[in-house]
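Asker: First the structure, then my questions, so here it is.
The values are calculated or read from the model by the stated rules, or taken from the named source; none is laboratory data. None of the values given here were measured: they were computed from a predicted structure. Note that we place each Cβ from the backbone using ideal geometry, even for glycine, and neighbour counts take in every protein chain shown. Calculation scope for accessible area: heavy atoms of the full protein, side chains included, ligands and nucleic acids excluded. Shrake-Rupley method; radii C 1.70, N 1.55, O 1.52, S 1.80 Å.
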Amino acid sequence: MAGAPAGRIFAAKTVGNDRGPSGVLKGMRTLNEIKQDIDELSERRVNVMRRLSEGFDASLSAEHLKLEEQIAELWEEQRMARATLRNGDRDLIIQRARQDERLSRAA
């Protein structure tokens, strides 16, 4: 855009009715992609633990902790993706609930 700071992209504001959910959530990875990442990190964790069993190494111990955190984050991402697929986008659910609440108060 002319006059916009470098590196910034501004979206045009939508006019009219909202089109509603498109069925594809942007930024959400598939369950298969998440599962594949979990499997890869789990395999790395097994190798690190095997090497740690041969003798203590501070760098291996740090790597093991990092892998544990990454795997926990992936499991959380998978839980959220499943919930979104099952129930819909969280923000849209909250928005509908607030609209229903306002309508019930107005009635």
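Asker: Any idea how many residues of the range 31-49 are of a type in the set (D, E, K, R) and more than 19 Å from the chain's Cα centre (by Cα)?
Answerer: First, pick out the residues of the range 31-49 that are of a type in the set (D, E, K, R): 33, 35, 37, 39-40, 43-45.
Still in the list and also more than 19 Å from the chain's Cα centre (by Cα): 43-45.
Adding up the residues that qualify gives 3.
Asker: Is it true that residue 37 is among the charged types (D, E, K, R) and open to solvent by less than 60 Å² (accessible area, probe 1.4 Å)?
Answerer: yes
Asker: Pick from the range 40-82 the residues that are small (Gly, Ala, Ser) and in contact with a helix residue (DSSP H, G or I) (Cβ under 8 Å, 6 or more places away or on another chain): which of them is least open to solvent (accessible area, probe 1.4 Å)?
Answerer: Selected residue: 81.
Asker: Residue by residue through the range 83-107, note down the ones that are touching a residue at least 12 places away in the same chain (Cβ under 8 Å) and either farther than 22 Å from residue 32 by Cβ or open to solvent by less than 80 Å² (accessible area, probe 1.4 Å) (or both). Break it down into steps so the answer makes sense when it comes.
Answerer: Step one: list which residues in the range 83-107 are touching a residue at least 12 places away in the same chain (Cβ under 8 Å), which gives 84-85, 88-89, 92.
Within the range 83-107, 84, 88, 89, 92 meet the criteria.
Asker: Let me ask something else. Would you point out which residue out of 71, 94 is assigned to a helix (DSSP H, G or I) and at pLDDT below 90?
Answerer: Among 71, 94, only 94 is assigned to a helix (DSSP H, G or I) and at pLDDT below 90.
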